[in-house]
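The values are calculated or read from the model by the stated rules, or taken from the named source; none is laboratory data. Bear in mind that the values here come from a model prediction, so they are computed numbers and not experimental data. Counting neighbours? That spans all protein chains shown, and the Cβs are built from the backbone with ideal geometry, glycine included.
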Amino acid sequence: MMDLSRLCEERPIVQAPMAGGTTTPALVAAVSAAGGLGSLPAGYLTADALGARIDEVRGLGARTFAVNLFAPSSSRSPECDDALAAYRSVLAAVAHRLAVEVGPARYDDDDWDAKVDLLVEARVPVVSFTFGCPSEEVLTRLRTAGSATIVTVTTVAEARTAVARGADGVCAQGVEAGGHRATFDPEHADDRPLAELLPDVVRAVDVPVIAAGGIMDGADVAAALSSGAVAAQSGTAFLRCPESGAQPVHKAALTDPDFTETSLTCAFTGRPARGLTNRFILDHSDAPCAYPQVHHMTKPLRAAATRAADPEGMALWAGTGFRRARELPAGELVAVLREEAAGAGATL
Ligand SMILES: Cc1cc2nc3c(=O)[nH]c(=O)nc-3n(C[C@H](O)[C@H](O)[C@H](O)COP(=O)(O)O)c2cc1C
């Protein structure tokens, strides 16, 4: 099996998986070629589509990369159905203005079983998870197939659960992070900044810990490593790379003086996620916490906003450090982060 400590020692810069088209196979391949660890997101894809992306990454020459899965969320409650019905009527007005219909409040598990089966066959070096911790059985199947497993966590308790089930490593995600919070139970989230969470997780578990959340430059990488992380994972820092599949409107918003801050919101997907604060977030601050139903409901609205190139209606996922995202080819960014981290005293 892939030795995660050694892998992270060799590749201390991890490019975060960013589902929804942002992380392209070209981005993963460029990062891995530059000596980082590229992560291919599987979220929202069918198992077949994931298989095709893995082939594409391998076709681009990458061998050492991670694949990231969304662990299934807990199922719906009757109260959740009432909240979804209320949110549907709020969204209907927005949909009407955009000449689309609100999507179905559908529950699904993101093709979980088929993707796990596919990854057992595909034998990629690393499989990471967000939104929850898989069963011991799934983690064992993947390890037996030769993959190291990483569970993303937002609390010490989540880290302990992941290790007890046999995860080979954890990714400690601070509240600064762009995109979805990895929290296992969004109803009981604990939104701690990375600088507080990381040392506590490092003390609590005896597996390699990867740090994520607001890591934008080499000084941030060095700080994470000096707090005991084996590697630093960045998402927002890669959004402006030419290999990033982020929509041009999304890329432009990162430097637009009209966007000054980020917020955590359930408005787009029903799971807390951090994005640039825009009209859609401000107008739907009481959206229900019901994933993936809300994701499916808002999908046509987000697509219409994207077609209209309207940043006020799109999910512009970004972490708190978004203003420091650089427009650099991904391989160059990996090299610059390493150089800066070394300059800031890190040994890597
Ligand atoms: C656009 C975007 C999409 C994301 N999608 C995923 C995902 O599919 N899976 C995942 O585990 N994390 C996802 N994340 C979170 C990252 O893994 C990581 O925790 C985060 O980017 C770190 O914080 P930073 O954005 O400040 O670097 C996403 C982040 C962004 C910005």
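Suppose the filter is modelled with pLDDT of 95 or more, within 30 Å of CYS8 (Cβ to Cβ), crowded, with 20+ Cβ neighbours inside 10 Å and touching a His at 6+ places or on another chain (Cβ under 6 Å); does ALA246 pass it? Break it down into steps so the answer makes sense when it comes.
Numbers: modelled with pLDDT of 95 or more: yes; within 30 Å of CYS8 (Cβ to Cβ): yes; crowded, with 20+ Cβ neighbours inside 10 Å: yes; touching a His at 6+ places or on another chain (Cβ under 6 Å): no.
Considered against the rule, which asks whether it is modelled with pLDDT of 95 or more, within 30 Å of CYS8 (Cβ to Cβ), crowded, with 20+ Cβ neighbours inside 10 Å and touching a His at 6+ places or on another chain (Cβ under 6 Å), ALA246 comes out as no.
Summed over segment 266-279, the residues that are crowded, with 22+ Cβ neighbours inside 10 Å, without any contact (Cβ under 8 Å) to a residue 60 or more places away in the chain and not small (Gly, Ala, Ser) give a count of 3.
Scanning segment 221-263 for residues that are assigned to a helix (DSSP H, G or I), touching a Pro at 6+ places or on another chain (Cβ under 8 Å) and more than 10 Å from the ligand (Cβ to nearest atom) yields a count of 5.
Here ALA86, ALA52 are screened, and the one residue that is under 30 Å from GLY213 (Cα atoms), surrounded by fewer than 19 Cβ atoms within 10 Å (Cβ to Cβ) and among the aliphatic types (A, V, I, L, M) is ALA52.
Mind listing just one residue for me: the one in segment 303-329 that is aliphatic (A, V, I, L, M) and out of contact with any strand residue (DSSP E or B) (no Cβ under 7 Å at 6 or more places or on another chain) and, of those, nearest to the ligand (Cβ to nearest atom)? Looking at residues that are aliphatic (A, V, I, L, M) and out of contact with any strand residue (DSSP E or B) (no Cβ under 7 Å at 6 or more places or on another chain), I get ALA325. State whether the residues of segment 16-30 include one that is more than 18 Å from the chain's Cα centre (by Cα), in the same structural domain as LEU239 (by TED's automatic domain parsing) and more than 11 Å from the ligand (Cβ to nearest atom). Yes; the residues of segment 16-30 include at least one that is more than 18 Å from the chain's Cα centre (by Cα), in the same structural domain as LEU239 (by TED's automatic domain parsing) and more than 11 Å from the ligand (Cβ to nearest atom). Residue pairs whose Cβ atoms lie under 6 Å apart, separated by 6 or more positions or on different chains, with the first residue in segment 136-162 and over 20 Å from GLY178 (Cα atoms) and the second away from the ligand (no atom under 16 Å from the Cβ) and of a type in the set (Lys, Arg), are GLU136/ARG165; LEU139/ARG165; ALA145/ARG123; GLY146/ARG123. A search for C-beta distances below 7 Å between a residue of segment 291-308 that is surrounded by 21 or more Cβ atoms within 10 Å (Cβ to Cβ) and any residue that is among the hydroxyl-bearing types (Ser, Thr, Tyr) and not in a helix (DSSP H, G or I), counting only pairs 6+ apart in sequence or on different chains, returns TYR291/SER73; TYR291/THR269; PRO292/SER73; PRO292/TYR107; PRO292/THR269; GLN293/TYR107; VAL294/THR269; HIS295/THR269.
In segment 165-189, the residue that is surrounded by the fewest Cβ atoms within 10 Å (Cβ to Cβ) out of those that are assigned to a loop (DSSP other than H, G, I, E, B), within 13 Å of the ligand (Cβ to nearest atom) and of a type in the set (A, V, I, L, M) is VAL175. Determine if segment 101-108 includes at least one residue that is aromatic (Phe, Trp, Tyr) and surrounded by 21 or more Cβ atoms within 10 Å (Cβ to Cβ). Taking every residue of segment 101-108 in turn, none turns out to be aromatic (Phe, Trp, Tyr) and surrounded by 21 or more Cβ atoms within 10 Å (Cβ to Cβ). Just one residue in the set ARG53, ARG63 is in a loop (DSSP other than H, G, I, E, B), in contact (Cβ under 8 Å) with a residue 12 or more places away in the chain and of a type in the set (D, E, K, R); that residue is ARG63. Take the residues of segment 20-49 that are crowded, with 23+ Cβ neighbours inside 10 Å and among the hydrophobic types (A, V, I, L, M, F, W, C): which is farthest from GLY132 (Cα to Cα)? Checked segment 20-49; the qualifying residue farthest from GLY132 (Cα to Cα) is ALA30. For segment 171-192, the candidate set comprises residues that are at pLDDT 95 or above and aliphatic (A, V, I, L, M); within that set, the residue that is farthest from PRO292 (Cα to Cα) is ALA172. Taking segment 196-220 as the range and being surrounded by fewer than 22 Cβ atoms within 10 Å (Cβ to Cβ) and within 13 Å of the ligand (Cβ to nearest atom) as the test, the residues that pass are MET216, ASP217.
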